[in-house]
Each structure stands twice: as structure tokens, then as C-alpha cells.
Amino acid sequence: ITGSPEALMVVGDKLYWGSPGGIYRCNLDGSGPEVFINTGSGEPEYPIDMQYDEVSGKIYFVNDRTDYSGGYFSVGFDGTGMTEHILDIDGTAIEVDFGAGKTYMAVYCVAGTAITENGMYMCNLDGSGLSKFGEFGSKATWGIAMDKEEGKLYWGYKISNSAQDGKIVRANLDGSDPVDFVTEVSPHAMQIVWIKL
């Protein structure tokens, strides 16, 4: 049932992930895996990265475009209201600032879609106001993380799939003032956590 898990997230006492056919979940110890939102062979076919908004009760995600139809979607946590906000795009990573109503995505260009140039993009939750704010390397960016405390956004810039030739870029939440934060790494995924000592 686990298939090819992507887009891991914890909500309450469950682990959720995207895989071909929809969104799946299990207990935190890995027991009880089950289909949570079944899309079958219909769109979206493979949520590849996602974020949950507990206030609105919605999941926002990008759908795989490598072997499927792509797109930026939202769906209610009960599986209702599936909405494709930006059609057919090839997003590989997503971070959402629910308080500010902004979505950040790493997206490959696809002819005939809203994304005509590879890069880091931001938009409103509903997909409006789409704009490019940064670059990623020649390989897919799988990690975006937002530091709300410091008002910063981080993303991976990959040159190859596994060599230490990439970097992590840090910028303001509007994409301004990008700097190379960490170099000589191969960033694959990121999470910002503040720990009080």
C-alpha cells in the first residue's frame, strides 16, 4: 500500500503521504496503512509534495508531472472540494504560508502552462498572482522550508543528484536578497524547527 511515498506530513497522530492513486496514511509507528483520499486513476494521480492547513481544513499540494498530469491543487481534509488552482504545472516542492496566504513552489517549465521558465515561484493560495522569485539548479529541487520566526525562505539548488556540488539558498519571504546559505551540499529535503533550550 505504500507504493512510492512522497510528501510526508504528520497531522495529529497519523503520518500522511502521497503515492500513485492519492493520499495515504498510517499510525506513527507505521501500523494500519490505508488509503486516505483515493483518486484512483483520475486527477490528481500522485501528490508529490503537500502541506496541511488546520484552520481551513485543506491540504495544498503539487501533483507529479513526470508520469502524470501535474498541477497545483487543494482538497478538503475530508476528501471533498478537489480544486486544481494552476493547471498541469510540474511542481516538485511546495511550502505554504497560510497566515500570509502565499504558496511557494519549485516548478519546471512546461509548454502551454503558466510556468514558462524553470524556477522558484510564489502565488496566492488560489493560484493567482503567480510570479518567479528565484532559481534552482539543473536537477529537481525537493526541499523548500520557511522560517516564520526570522521571515526567511530556504530552498535547495542542485547541480547533480548526489554530488556535494549544490547549495541551500536563503531569501526573504518575498524572494528578495537571496544568498548562498550553505554550500557544497546535496540538498534533498528541508524542515525548519525551533527548539527552546
Note on ILE37: of the conditions (1) modelled with pLDDT of 95 or more; (2) more than 15 Å from the chain's Cα centre (by Cα); (3) among the aliphatic types (A, V, I, L, M); (4) open to solvent by less than 20 Å² (accessible area, probe 1.4 Å), unmet is (1)
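Suppose we filter LYS58, LYS14 for residues that are closer than 19 Å to GLY127 by Cα and basic (Lys, Arg); which single one remains?
Result: LYS58 is the single residue among LYS58, LYS14 that is closer than 19 Å to GLY127 by Cα and basic (Lys, Arg).
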Which of the residues spanning segment 5-32 are assigned to a loop (DSSP other than H, G, I, E, B) and either hydrophobic (A, V, I, L, M, F, W, C) or open to solvent by 60 Å² or more (accessible area, probe 1.4 Å) (or both)? PRO5, GLY12, ASP13, LEU28, ASP29
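Specify the residue that is surrounded by the fewest Cβ atoms within 10 Å (Cβ to Cβ); the eligible residues are those in segment 47-89 that are among the charged types (D, E, K, R) and under 21 Å from GLY112 (Cβ atoms).
ASP67
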Please list, ordered by first then second residue, the pairs with beta carbon atoms under 7 Å, 6 or more apart or interchain, first in segment 126-151 and touching a residue at least 40 places away in the same chain (Cβ under 8 Å), second small (Gly, Ala, Ser) and part of a loop (DSSP other than H, G, I, E, B). LEU130/ALA114; PHE133/GLY175; GLY134/GLY175; TRP142/ALA189; GLY143/ALA189
Scan the strands (runs of 3 or more DSSP E) fully inside segment 76-120 and keep the ones with 3 or more residues being of a type in the set (Gly, Ala, Ser). none
Being part of a strand (DSSP E or B), of a type in the set (A, V, I, L, M) and farther than 10 Å from GLY134 by Cα is the filter here; which residues of segment 165-179 pass it? ILE168, VAL179
Across segment 102-122, which residue is farthest from GLU149 (Cα to Cα) among those that are open to solvent by 20 Å² or more (accessible area, probe 1.4 Å) and of a type outside the set (A, V, I, L, M)? GLY112
Is it true that some residue in segment 166-180 is touching a residue at least 24 places away in the same chain (Cβ under 8 Å), closer than 22 Å to GLU6 by Cα, open to solvent by 80 Å² or more (accessible area, probe 1.4 Å) and in contact with a strand residue (DSSP E or B) (Cβ under 6 Å, 6 or more places away or on another chain)? no
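The values are calculated or read from the model by the stated rules, or taken from the named source; none is laboratory data. Bear in mind the structure is a predicted one, so any value in this text is a computation, not a measurement. So basically every Cβ, Gly included, is an ideal-geometry build from the backbone, and we count neighbours across all protein chains shown. These area figures cover heavy atoms from the full protein model, side chains too; ligands, DNA and RNA do not enter into them. Shrake-Rupley method; radii C 1.70, N 1.55, O 1.52, S 1.80 Å.
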